[in-house]
1. Name the residue from Ala356, Val151, Gln86 whose Cα lies farthest towards the positive end of the charge dipole of the chain, charges +1 on Cβ of Lys and Arg and -1 on Cβ of Asp and Glu.
2. Assign one of three labels to segment 25-64, namely rounded, prolate or oblate, based on the Cα gyration tensor with a ≥ b ≥ c the square roots of its eigenvalues; rounded applies when a/c is under 1.5, prolate when it is not and a/b is larger than b/c, and oblate otherwise.
3. If you roll a 1.4 Å probe over the heavy atoms of the protein chains, what accessible area per residue do you get for segment 164-233, in Å²?
4. Among Pro434, Gly140, Ala190, whose Cα lies farthest out toward the positive end of the dipole of the chain, if unit charges sit on the beta carbon of Lys, Arg (+1) and Asp, Glu (-1)?
5. For segment 247-354, what is the accessible area per residue in Å², given a 1.4 Å probe and the full set of protein chains?
6. Out of the total accessible area of the chain (probe 1.4 Å, heavy atoms of protein only), what percent is carbon and sulfur?
7. What's the magnitude of the charge dipole for the chain around its Cα centre, counting Lys and Arg as +1 and Asp and Glu as -1 at the beta-carbon? Answer in Debye, nearest 20.
8. Shape of segment 203-267 from its Cα gyration tensor (a ≥ b ≥ c, root eigenvalues): rounded if a/c is under 1.5, otherwise prolate when a/b > b/c, or oblate?
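The values are calculated or read from the model by the stated rules, or taken from the named source; none is laboratory data. Since we're looking at a predicted model, the values are computed, not measured. We place every Cβ from the backbone using ideal geometry, glycine too, and count neighbours over all the protein chains shown. Side chains included, ligands, DNA and RNA excluded: accessible areas come from the protein's heavy atoms. Shrake-Rupley method; radii C 1.70, N 1.55, O 1.52, S 1.80 Å.
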Amino acid sequence: MRKSMMTFAAAVAMAFAAPLAKAETLADALASAYNNSGLLEQNRAVLRAADEDVAQAMASLRPVINWTATTGFSGAIDDLKRKTTQIGLTGSYTLFDFGANEIGLDIQKETVLATRQSLVNVEQQVLLGAVGAYLDVVTGREFVALREANVRVLTQEFRAAQDRFDVGEITKTDVALSEARLASARSLLAVAQGDLARAIEAFRVAIGRSPSSPAAARPAPVTYSVEEAKAFAVRNHPAIIQAQHAVTAAEMAITRAQASTKPTLRLSGSVGFVESGGTWGSAADVGLTASGPVYNGGASASVIRQAMARRDNARAQLHLATLSVQEAVGNAYANYSVARAASDAYSRAIEAQQSAYDGVREEARLGSRTTLEVLNAEQDLLDARANALDARANEVLASYAILQAMGLLTAEQLKLNVQTYDPLTYYNLVQNAPTSYSEQGKALDRVLEALGK
């Protein structure tokens, strides 16, 4: 009896006794997620597109030169005999527009700064998703090991029950109870194996590769109080900084809309050659053009009002972002507190359930407890261990959720072993709107070629 009824704790210990060869850490998984994330690549491309808006705004401050070539016939409608050919260059340059183009450049720079913060926010989402995927695999494997250990124990107990029935120590009902509990354990093992398979697939999506031997992770250090964390997040969270840049851009857009109602002074000119009747001649002209709106059906006033409404919208979004970040910090700390309390409680529950199981088993050996009571005590111990696994994973995830809520869940802050993406590299190459044949433009082509690979 004593030999056949091996303790559940011993079975679990055997399940976890094998050494984890080449175990990967959570930091390894996060580094892989950072390097392999398609979502990060997508948003880096969005940022590069915003950088190009700065280049295009810069180009609006420079002269525009175009070449032209036309040929055709002129004359009476029924006798088009005179052929004329023109080849030349035309150019124009805005001398003064009350700062509309300069403001447009500043707006695009603010938009780039906002987009950079959006990329940081995406990075946080990717890394938190990777933490969750990693913990799901770790917990999934522990659940499978737990269920396998339970099946082994119940298999031995079922066999022992059959032996005791054969010698008349217990009834057929006791054997049936053991068999039913064993069947249930096998069903739960299949469920755990299915959950693990799904967790592995989610891991591949979040991390960019298959898991090797993920080791148990520890919670991230939490050194701030709730109020300190909220104050820090309000100052530093990328969602709030992004909204602040959006407000600045919206306010500039009002000034630009107002400038568009004022006169513009442009310098224009052309130079070229004209051929008519077989004779070539040169032609050139240069001039100043001042223009401004007189009446456009109220469109200009509408544009200004629209810009003001968008500014109000941006300010409201900043307010909502601040409230959302504060709420997220508060929720993250509440979840962390609950997870820690649950983890401690389940750890104590395991000790109590282990003691209860050992006592019930011993009493059953002496005949004062039934097989059902032993099986129930064993199930209670299993449930306590399973709950403890979930609670530990929730504690770790909640700790990293705090970092995300504060704006600290980035590769740089976590000191991951990765080459972090530098948004300034591409921006510095394009902000001055280089031409494709300049040295800077050629360097930009090499960067784009590398990115395309």
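1. My answer, from the dipole projection, is Gln86.
2. Working: a/c = 7.68, a/b = 4.82, b/c = 1.59.
Here segment 25-64 falls in the prolate category.
3. Working: 4140 Å² over 70 residues.
Dividing the accessible area of segment 164-233 by its residue count gives 59 Å².
4. Farthest towards the positive end: Pro434.
5. 62
6. Details: 13610 of 24860 Å².
Taking all protein chains in place, the chain shows 55 percent carbon and sulfur surface.
7. Working: 43 positive and 47 negative charges, 107 e Å.
For this selection, approximately 520 debye.
8. It comes out oblate by the Cα gyration axes.
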